[in-house]
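Student: One structure coming up, written as structure tokens, with questions to follow.
The values are calculated or read from the model by the stated rules, or taken from the named source; none is laboratory data. Keep in mind the model is a prediction, meaning the values are calculated, not measured. Ideal geometry is used to build each Cβ from the backbone, glycine not excepted, and the neighbour counts take in all protein chains shown.
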Amino acid sequence: MEAVSRALKEHDVFLSASLLQELEGASKKLSKKLSPEKSHYLQEKVGELLKAAHRIPVSTPMSLSRGPRDDHDLGLCKEARADFLITGDKDLLSLHPEALEQNGISCRIINPASFLEFGP
């Protein structure tokens, strides 16, 4: 959650409708497994994210990864002209920067820990 908090403070954050749905579903599912305090904290942070994030429709078809959800996320990065895609997804993290550039995507795909290492 630290990476989310930092991203919200220092960057514009973008979500698509399907990513928004996925986030809401995952947070509800995870909340059931957490203590009431941690569940409240998670819902609070997700609420902050949903309130601050810009909604972007994704109309750019992509076929760079092994899955349609990953391709959708890459399309969002292209549409938003994102600097970063912060993810733990191993398929996305393994994509070569050259392949991204050839498809008009200029963002860096990094995990949350790497994002936190960047200066403001």
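Student: What tally of residues in the range 66-94 results from selecting those that are in a helix (DSSP H, G or I) and either of a type outside the set (Gly, Ala, Ser) or surrounded by 20 or more Cβ atoms within 10 Å (Cβ to Cβ) (or both)?
Tutor: Summing the residues that are in a helix (DSSP H, G or I) and either of a type outside the set (Gly, Ala, Ser) or surrounded by 20 or more Cβ atoms within 10 Å (Cβ to Cβ) (or both) in the range 66-94 gives 16.
Student: As an exercise: evaluate Lys33 against (1) touching a strand residue (DSSP E or B) at 6+ places or on another chain (Cβ under 6 Å); (2) exposed (fewer than 15 other Cβ atoms within 10 Å of the Cβ) and give the number of the one condition it does not meet.
Tutor: Of everything listed in (1) touching a strand residue (DSSP E or B) at 6+ places or on another chain (Cβ under 6 Å); (2) exposed (fewer than 15 other Cβ atoms within 10 Å of the Cβ), Lys33 misses just condition (1).
Student: Given the criteria among the basic types (Lys, Arg) and under 16 Å from the mean Cα position of the chain (by Cα), does Arg55 qualify?
Tutor: So Arg55 fits the description; yes.
Student: What number of residues within the range 51-65 are part of a strand (DSSP E or B) and of a type in the set (Lys, Arg)?
Tutor: Residues in the range 51-65 being part of a strand (DSSP E or B) and of a type in the set (Lys, Arg): 1 in total.
Every residue, every condition in (1) touching a strand residue (DSSP E or B) at 6+ places or on another chain (Cβ under 6 Å); (2) modelled with pLDDT of 95 or more; (3) within 19 Å of Ala3 (Cα to Cα), yes or no:
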site: His72; (1), (2), (3): no, no, no
site: Asp83; (1), (2), (3): no, no, yes
site: Gly88; (1), (2), (3): no, no, yes
site: Asp91; (1), (2), (3): no, no, no
site: Pro112; (1), (2), (3): yes, no, yes
site: Pro120; (1), (2), (3): no, no, yes
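Student: Give just the number: which of (1) modelled with pLDDT of 90 or more; (2) outside any strand (DSSP E or B); (3) crowded, with 17+ Cβ neighbours inside 10 Å does His40 not satisfy?
Tutor: (3)
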